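The values are calculated or read from the model by the stated rules, or taken from the named source; none is laboratory data. Note that the coordinates shown come from a computational prediction; the quantities given were computed from them, not determined experimentally. Note: ideal-geometry Cβ built from the backbone for every residue, glycine included; neighbour counts use all protein chains shown. In case anyone asks, the SASA skips ligands and DNA or RNA and just uses the protein heavy atoms, side chains included. Shrake-Rupley method; radii C 1.70, N 1.55, O 1.52, S 1.80 Å.
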Amino acid sequence: MKSILINSETREVKEVALTDVLKDSYVLIGNNCSMVETGEYISKSDTLMINEEGYFNEGLCGFFFGENFYYGNAVVWGMNRNSGDNADCSVSIEDVNSKIQWINADISSRIRERVMNRPFTFQSL
């Protein structure tokens with residue numbers, strides 16, 4: 001399945017082929033990723049998938065995708081809207097790359113600390 005890898009360490013966006021979508025995504029996202037979650041929907045059929053536990057990993061680079069910050073790497077999956085099955089992503093590398101602002105590890109660490117140390121209140125929901 002055609003997908004897109006966003007590698008924050010090398011600042012590279014490239015097409016990748018996933019055979020086993022979930023297992024291959026864990027490997028590509030790296031940093032002992034064992035759970036992915038939706039970061040955001042890019043289009044009606046494409047989803048940015050991130051490491052669900054990414055903020056627990058220290059020293060990673062990150063990126064802004066539009067207005068949202070993500071820590072570590074990400075993979076873009078496609079979906080067949082009729083069946084719900086995974087499919088080739090339809091968004092182009094150029095479209096994905098145009099929405100990214102790369103952030104180095106020092107700034108990512110400061111963002112991570114703010115997120116991790118933010119007090120939780122019901123008002124913050």
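So, in nm, how far is label Leu22 from label Glu52 when the simple model puts each one 7 Å beyond its Cα toward the Cβ?
1.0 nm
Tell me which residues come under 5 Å, amide H to amide H, from Val36 once H is placed; ignore anything under 5 positions away on its chain.
Close amide H contacts, sequence-distant or interchain: Glu52.
If you take the square roots of the eigenvalues of the alpha-carbon gyration tensor of the range 1-73 and sort them as a ≥ b ≥ c, do you get rounded (a/c under 1.5), prolate (a/b over b/c) or oblate?
rounded
Per residue, how much accessible surface does the chain expose to a 1.4 Å probe? Answer in Å², no decimals.
Counting only protein heavy atoms, the per-residue value for the chain is 61 Å².
Place +1 on the Cβ of every Lys and Arg and -1 on the Cβ of every Asp and Glu in the chain, take the dipole about the Cα centre, and give the residue among Ile29, Tyr41, Ile111 whose Cα lies farthest towards its positive end.
Towards the positive end, the residue furthest out is Ile111.
Treat every Asp and Glu Cβ in the chain as -1 and every Lys and Arg Cβ as +1, leave all other atoms uncharged, and give the resulting dipole magnitude about the Cα centre to the nearest 20 debye.
So the dipole magnitude of the chain works out to roughly 260 debye.
List the residues whose amide H sits under 5 Å from the amide H of Ser8, counting only those 5 or more places along or on another chain, with H placed 1.01 Å from N in the peptide plane.
Asn73, Ala74
Please compute the alpha carbon radius of gyration of the chain, then divide it by the globular-protein estimate 2.2 N^0.38 Å. Two decimals is fine.
Taking N as the residue count of the chain, the ratio is 1.06.
Could you report the accessible area of Ile50 in Å², rounded to 10, computed with a 1.4 Å probe on the protein chains as they sit in the structure?
Near enough 20 Å² of accessible area.
Rounded to the nearest percent, how much of the accessible area of the range 1-123 (1.4 Å probe, protein heavy atoms only) is carbon and sulfur?
45 percent
Heavy-atom accessible area of Thr19 with all protein chains present, probe 1.4 Å, nearest 10 Å²?
Counting only protein heavy atoms, the figure is 130 Å².
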